[in-house]
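Below is one structure, written out as structure tokens; the observations come after it.
The values are calculated or read from the model by the stated rules, or taken from the named source; none is laboratory data. Keep in mind the model is a prediction, meaning the values are calculated, not measured. Note that each Cβ is placed from the backbone with ideal geometry, even for glycine, and that neighbours are counted across all protein chains shown. With ligands, DNA and RNA removed, areas are computed over all heavy atoms of the protein, side chains included. Shrake-Rupley method; radii C 1.70, N 1.55, O 1.52, S 1.80 Å.
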Amino acid sequence: MILEARNIEKSFGDLKVLKGVDLAVEKGEVVAIMGASGAGKSTFLEILGTLSTPDSGSLVIDNTSVLALDRRELAAFRGRNIGFVFQFHHLLPEFSALENVMIPAMIAGKSRKDARAEAERLISLVSLSERASHKPSELSGGEQQRIAIARALVNSPAVLLADEPTGNLDSATKQDIHNLFFSLRERLGQTIIIVTHDPELAALCDRTLTMRDGLFV
């Protein structure tokens, strides 16, 4: 098991958003989480990504009990073991596509040479080698999202978390990104958890879980 969350609860004031959620994911599995807005999907994904702390419960990722880590240990663990892809790619506008992919590797302590080599490999994997020197403003929305996916993979994370990764794209580009996720699983054995409203993307996944009122139903 690459990720196991048990009895995750989270409240904001008097509002109980997560009511004891369980999730176990095998290595190489692609899991979709669906549900109406406000069901708790993004809050749960933030907890899986260690960006938010639950009020109670346990979370083990790649054999590490992450809730037992202090802030510094947790930041280091997150950088090495969790990749994030968001609806809005959050690429740094002043850097090239290649530099954007390199940055997390250098933060994690890789040499510039090694970070560049890994970034070039992943940009090739997402079929954008000829665009590597371009800045985000010179890339299409789909190209920017491909670079964001390469950036999320640069430290070979145990788990890739994607929050509405195709929510901002046209239908043809969506299909390209869908295909890319599954090629990453085939080529890298990548474990992926995707929060999505897109039934086409969910239908491609190994499992689809539906969240309603803070629980999987």
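Put +1 on the Cβ of every Lys and Arg and -1 on every Asp and Glu Cβ in the stretch 42-171; which of 166, 105, 86 then has its Cα farthest towards the positive end of the dipole? Most positive-ward Cα: 105. Averaging the sequence gap over all C-alpha pairs within less than 8 Å and six or more residues apart, then dividing by the number of residues, gives the chain a relative contact order of 32 percent. Across the stretch 52-68, the residues whose backbone nitrogen lies under 11 Å from the label position 7 Å along the beta-carbon direction of residue 7 are 56-58. Taking amide H atoms as placed 1.01 Å from N in the peptide plane, the amide H of residue 3 lies under 5 Å from those of 25, 62, each 5 or more residues away in sequence or on another chain. Each distinct pair of alpha carbons in the stretch 95-144 adds a 1/r term; the inverse of their mean, the Kirkwood radius, is 10.8 Å. Distance between the 7 Å Cα→Cβ label points at residue 112 and residue 26: 4.5 nm. Averaging 1/r over each pair of different alpha-carbon atoms in the stretch 32-95 and inverting the result gives 13.5 Å, the Kirkwood hydrodynamic radius. Shape summary of the stretch 99-217, radius of gyration then Dmax from alpha carbon positions: 15.2, 48 Å.
Only helical DSSP H runs with n ≥ 4 go in: add -39500 (n - 2.57) per run for the chain, normalise by residue count and round the 222 nm mean residue ellipticity to 500 deg cm²/dmol.
Values: 7 runs with 81 residues, N = 217.
Computed ellipticity for the chain at 222 nm equals -11500 deg cm²/dmol.
For the stretch 138-147, the Karplus equation 6.51 cos²θ - 1.76 cosθ + 1.60, evaluated at θ = phi - 60°, returns couplings of 9, 10, 6, x, x, 5, 4, 5, 4, 5 Hz by residue, with Gly and Pro reported as x.
Normalised per residue, the accessible area of the chain is 47 Å², obtained with a 1.4 Å probe and no contribution from ligands, DNA or RNA. Taken one residue at a time, the phi angles of the stretch 21-30 give Karplus couplings (6.51, -1.76, 1.60, θ = phi - 60°) of 8, 10, 8, 10, 10, 7, 4, x, 8, 10 Hz. Gly and Pro are set to x.
Stretched out straight at 0.36 nm per residue, the stretch from residue 204 to residue 217 would grow longer than its current Cα-Cα span by 2.7 nm.
Can you tell me, using C-alpha contacts under 8 Å and at least 6 residues apart, the relative contact order of the stretch 116-214 as a whole percent? Each step should come with its number before you reach the end.
Working: 70 pairs, mean separation 25.0, N = 99.
Rounded, it is 25 percent for the stretch 116-214.
The percentage of C-alpha pairs in the chain whose separation is greater than 23 Å is 45%.
Surface composition of the stretch 94-217: carbon and sulfur atoms hold 48% of the protein heavy-atom accessible area at a 1.4 Å probe. Each Lys and Arg adds +1 at its Cβ and each Asp and Glu adds -1 at its Cβ; summed about the Cα centre, the chain shows a dipole of about 460 debye.
Where nothing but the Cβ of Lys and Arg (+1) and of Asp and Glu (-1) is charged, how large is the charge dipole of the stretch 1-97 around its Cα centre, in debye to the nearest 20?
With Lys and Arg at +1 and Asp and Glu at -1, about 80 debye.
Charges at C-beta only: +1 for Lys and Arg, -1 for Asp and Glu. How large is the resulting dipole of the stretch 112-190 about its Cα centre, in Debye rounded to 20?
Working: 11 positive and 11 negative charges, 63 e Å.
With Lys and Arg at +1 and Asp and Glu at -1, about 300 debye.
Residues whose amide H falls under 5 Å from that of residue 91, counting only those 5 or more places apart or on a different chain, are absent, with hydrogens built in the peptide plane. Put a dot 7 Å past the Cα of residue 186, heading toward its Cβ, do the same for residue 65, and the two dots end up 4.0 nm apart.
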